[in-house]
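A.B. asks: Would you mind keeping the following structure in view while I ask a few things?
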Amino acid sequence: MKLELRADKVVWRALDDEVVGLDLEASRYFRLNASGAFLWQQVSEVKTQDQLVDALVETYGIGRDQATRDVHDFVSMLSDRQFLQD
């Protein structure tokens, strides 16, 4: 299943190696570090979770198990905040 951000819930901009966003519903700003920004930009290109794992492994040279956990945690955070299309 491809992941897609909801434009009606969040606006964001990439700044250097970070992402700064605004949760439109909660009226709260948030900031993602370099690896979070990397995943965010991957999701903004409508990728699957497996593609995110592959991208983390390739870009950061981490193990597949760690990348899978990191992607799961990241996608869970996006889901909890309702930033993903259903």
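The values are calculated or read from the model by the stated rules, or taken from the named source; none is laboratory data. As the structure is a computational prediction, the values presented were derived from the model and not from experiment. Reconstructed Cβ throughout: ideal geometry from the backbone, glycine too, with neighbour counts over all protein chains shown. We work out accessible area using only protein heavy atoms, side chains counted, and drop any ligands, DNA or RNA first. Shrake-Rupley method; radii C 1.70, N 1.55, O 1.52, S 1.80 Å.
A.B. asks: Over 11 Å, how big is the tail of the calculated P(r) for segment 1-49, in percent of all Cα pairs?
C.D. replies: When all Cα pairs of segment 1-49 are counted, 66 percent exceed 11 Å.
A.B. asks: With a cap of 13 neighbouring Cβ atoms within 10 Å, and only residues DSSP puts in a loop, list the GluC sites (Glu not before Pro) found in segment 1-30.
C.D. replies: 25
A.B. asks: Using a probe of 1.4 angstrom, how much of the accessible area of the chain is carbon and sulfur, in percent?
C.D. replies: 45 percent
A.B. asks: If you place +1 on the Cβ of every Lys and Arg, -1 on the Cβ of every Asp and Glu, and leave all else neutral, what size is the dipole of the chain about its Cα centre, to the nearest 20 Debye?
C.D. replies: So the dipole magnitude of the chain works out to roughly 160 debye.
A.B. asks: Could you work out the helix-only [θ] at 222 nm for the chain, with each DSSP H run of four or more residues adding -39,500 (n - 2.57) and the total divided by the number of residues, to the nearest 500 deg cm²/dmol?
C.D. replies: Counting only the DSSP helices, I get -15000 deg cm²/dmol.
A.B. asks: Positive end of the charge dipole of the chain (Lys, Arg +1 and Asp, Glu -1 on Cβ, about the Cα centre): tell me which of 79, 62, 35 has its Cα farthest that way.
C.D. replies: 79
A.B. asks: State the extension gain, in nm to one decimal, for the chain segment bounded by residue 6 and residue 62, taking 0.36 nm per residue of separation less the distance between their alpha-carbons.
C.D. replies: 17.3 nm
A.B. asks: With Rg/Rh (Cα atoms, Kirkwood Rh) in mind, check (i) 1.05; (ii) 0.92; (iii) 0.95 and report the label derived from this structure.
C.D. replies: (iii)
A.B. asks: Counting heavy atoms of the protein chains only and a 1.4 Å probe, report the per residue accessible area for the chain as a whole number of Å².
C.D. replies: Heavy-atom SASA per residue in the chain reads 64 Å².
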